Structures are given as C-alpha cells and as structure tokens.
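Before any comments, here is the structure.
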Amino acid sequence: VYFAAWSFSFYPQIILNYKRKSVEGLSIDFLVYNVYGFTCYAFFNTAFFFSKRIGDEYARRNDGHQNLVRFNDLFFSYHALILSLVTFAQSFYYKRGPTQNASLTARVFFFGTISGLCLSLVFSSGYNTVYLLSFIKLGCSMIKYVPQA
C-alpha cells in the first residue's frame, strides 16, 4: 500500500504538465529538491542493499542488527527518481513563467551539501557518507513541504 500510494502520487503532475504543455505554477524548487532528495535516497538504498561493507558497519554500530533496506525500498527510490527526473525535464521542455527558476536558497542548499559530500568522501568513512546522504534526503523533504511565501 505504501509503495502504491507514494508511487501513484507522481503521475498526476506529469500527466497535467503533458496535457497543458506547461509547468506554469509549479515550484522549480520543489522539483530540484525532489530530484536531489531521491538521488540521495537511491544511493543510500543502493549502498545498504548491495554493500557488504556498509551492512557490516551498520551491524557493528547497531548491536548486531541488520539494516532493513529491502528490494521494494530500492525499487521505489529509483522509480521516484525517474519520475522526478521526468517532471524536472518537463520544466525545461514545456512553457514556464519568466520568473520560474530555482531560488538562491535551493542553490545554496544544493552546492553546500554537495561540498559536504565531497569532504565526507575524502575525510570520512563510506558508512558516514551514506548516512550523510540520508540526512540530505531528510533536509530536502523537510524544505520542500514547508509553505513558501
């Protein structure tokens, strides 16, 4: 039910944009946060699902418990990412308003967290970097659902 409900939620916007041949009124920031957040989520799930090293580190830090990422989590994250990319691509292809651009806040968040990820890749463990991805996803979700003025 969870998978179906969240997966279905992406389609109405894609269909509406297609029918109208326009993305006017759609928040570009929302699209940026969606693509970036689901990219982080997909990488997080991929690492936990496929990497023995990440799984072993998780178990070591969590009293021997195994991580709970399953195939449906992996599938959903890539499905969401693909549909978010389709909606984002529509914002370049279809008509949009002259002021419909990513905000300074979204750009600072994106480049700031990318910088943090690069530093984490150099100076921290893979496990910590993967967890940073989850915090970025959380940040994206929190920001995109805060009402915008």
Filter the stretch 119-149 for residues that are more than 19 Å from Val32 (Cβ to Cβ) and of a type in the set (A, V, I, L, M, F, W, C); the one that is most open to solvent (accessible area, probe 1.4 Å) is Phe123
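Provide a single number: the residues in the stretch 76-106 that are assigned to a helix (DSSP H, G or I) and in contact (Cβ under 8 Å) with a residue 12 or more places away in the chain.
16
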Only one of Ala80, Ala102, Ala47 is under 11 Å from the mean Cα position of the chain (by Cα) and of a type outside the set (Phe, Trp, Tyr), namely Ala80
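Inspect the stretch 73-90 for any residue being among the small types (Gly, Ala, Ser) and open to solvent by 50 Å² or more (accessible area, probe 1.4 Å) and give the result as yes or no.
Pass one, the stretch 73-90, residues among the small types (Gly, Ala, Ser): 77, 80, 84, 89.
Among the residues that remain, those that are also open to solvent by 50 Å² or more (accessible area, probe 1.4 Å) are: 89.
Yes, the conditions are met somewhere in the stretch 73-90.
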Inside the stretch 50-72, the number of residues satisfying the requirement of being surrounded by fewer than 17 Cβ atoms within 10 Å (Cβ to Cβ) and in a helix (DSSP H, G or I) is 9
Filtering the stretch 1-38 for residues that are open to solvent by less than 40 Å² (accessible area, probe 1.4 Å) and either in a helix (DSSP H, G or I) or without any contact (Cβ under 8 Å) to a residue 40 or more places away in the chain (or both) leaves a count of 13
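Going by the structure shown, is Phe43 at pLDDT 95 or above, open to solvent by 80 Å² or more (accessible area, probe 1.4 Å), under 26 Å from Cys118 (Cα atoms) and assigned to a helix (DSSP H, G or I)?
On the way: at pLDDT 95 or above: yes; open to solvent by 80 Å² or more (accessible area, probe 1.4 Å): yes; under 26 Å from Cys118 (Cα atoms): yes; assigned to a helix (DSSP H, G or I): yes.
Yes: the conditions hold for Phe43.
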(1) open to solvent by less than 40 Å² (accessible area, probe 1.4 Å); (2) over 23 Å from Ala4 (Cβ atoms); (3) within 19 Å of the chain's Cα centre (by Cα) all hold for Phe109 apart from (1)
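The values are calculated or read from the model by the stated rules, or taken from the named source; none is laboratory data. Just so you know, these numbers come straight off a predicted model, no measurement behind them. As a convention, Cβ positions derive from the backbone with ideal geometry for all residues, glycine included, and neighbour counts pool all protein chains shown. The protein model used for the area step is the full one, side chains on, heavy atoms only, and it has no ligands, DNA or RNA in it. Shrake-Rupley method; radii C 1.70, N 1.55, O 1.52, S 1.80 Å.
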